[in-house]
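Asks: Pasting a structure below so you can have a look.
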Amino acid sequence: MSVITISRQYGSGGSNIARLVAERLGWSLIDNDFVERVAERAGVTAEEVQRQEERVPSLVERLARALAISAPEMFAATAEPALPLPPEDRIVKMTEAVIAEVAGHDHAVLVGRGAQAYLAQRENTLHVYIVAPQDVRIDTAMRRLHVDRKTAEKVTDDADHGRRRYVHTYYGREWDAAAGYDLVINTGKFAYQQAADLIVEAARQRGLVAR
């Protein structure tokens, strides 16, 4: 099945563009659906899943997990049962399971959640990164959230920082490196409809959809 992943800077219009692309192609759109599907599988709240783009394991947590895997004999002497995966790791695994399930059964447009990194080597996949100038994104955040400019700037920076850390921590990739994508579109230069047109044409050129 063919897949388009849409990664986006906060306030760049990536979700809107993904919806337009999915409608134009008649494909499934997995955007906020990620949260509900992953929360149900992981047995946690949707809010906890949402926070995973903003929160990653501390260095101490990651070292402890690495030791448990590489030197299990250190923990064998204890009478304690094996600990389950910590919430963030469990959520990442469930997110990957959702991505794999959708990619295996549907023509789909996947938004965020590290899909571009998890499916980096998959064939029949187009990876798109939507960006925009910071002032444009802040203005968008102000309108969307009904907040002042200072608050909108913080929300924008925090959201992008969380996405950057998530992809780097779990996949060792740079979320905002252009070379990691097949197509980068600046919505400061292109309207959402135009951006959707570019993505659909790129998908056709790559053979993901019929001409």
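The numbers here are math on the coordinates, done by the rules we state, and not lab data. Note that the coordinates shown come from a computational prediction; the quantities given were computed from them, not determined experimentally. For neighbour counting, all protein chains shown are included, and Cβ atoms are generated from backbone atoms with ideal geometry for every residue, glycine included.
Asks: Order the peptides 178-190, 9-21 from the highest to the lowest mean number of other Cβ atoms within 10 Å of their residues. Before the final figure, lay out each step's value.
Replies: Details: 178-190: 16.2, 9-21: 22.5.
Averaged packing, sorted descending, gives the order 9-21, 178-190.
Asks: GLU201 versus THR151, label points 7 Å from Cα toward the beta carbon: distance in nm?
Replies: Computed distance between label sites GLU201 and THR151 equals 4.0 nm.
Asks: So, one more: In whole Hz, what ³J(HN,Hα) sequence does the stretch 139-145 give by Karplus (6.51, -1.76, 1.60; θ = phi - 60°), x for Gly and Pro?
Replies: Each residue of the stretch 139-145 in turn: 4, 4, 5, 4, 5, 5, 9 Hz.
Asks: Separate question: Residues with beta-carbon under 14 Å from that of ASN16, excluding ASN16: net charge, scoring Lys, Arg +1 and Asp, Glu -1? Numbers along the way, then the final one.
Replies: Working: positive: ARG8, ARG19, ARG24, ARG137, ARG143, ARG144; negative: GLU23, ASP31, ASP197.
Counting the neighbours of ASN16, the net charge comes to +3.
Asks: In addition: Please express the shape of the stretch 104-211 as an equivalent ellipsoid: the semi-axes are the square roots of 5 times the eigenvalues of the C-alpha gyration tensor, given largest first in whole angstrom.
Replies: Each semi-axis is √(5λ); the values are 27, 19, 11 Å.
Asks: Separate question: With r as the distance between the Cβ atoms of ALA210 and HIS161 and R0 = 35 Å, compute the FRET efficiency 1/(1 + (r/R0)^6) and round to 0.05.
Replies: Efficiency computed from Cβ-Cβ geometry: 0.30.
Asks: Also, I was wondering about something else. Among 102-114, 192-204, what's the highest-first ranking by average C-beta atoms within 10 angstrom per residue?
Replies: 102-114, 192-204
Asks: Highest first, please rank the peptides 139-146, 155-162, 125-132 by the mean number of other Cβ atoms sitting within 10 Å of their residues.
Replies: 125-132, 155-162, 139-146
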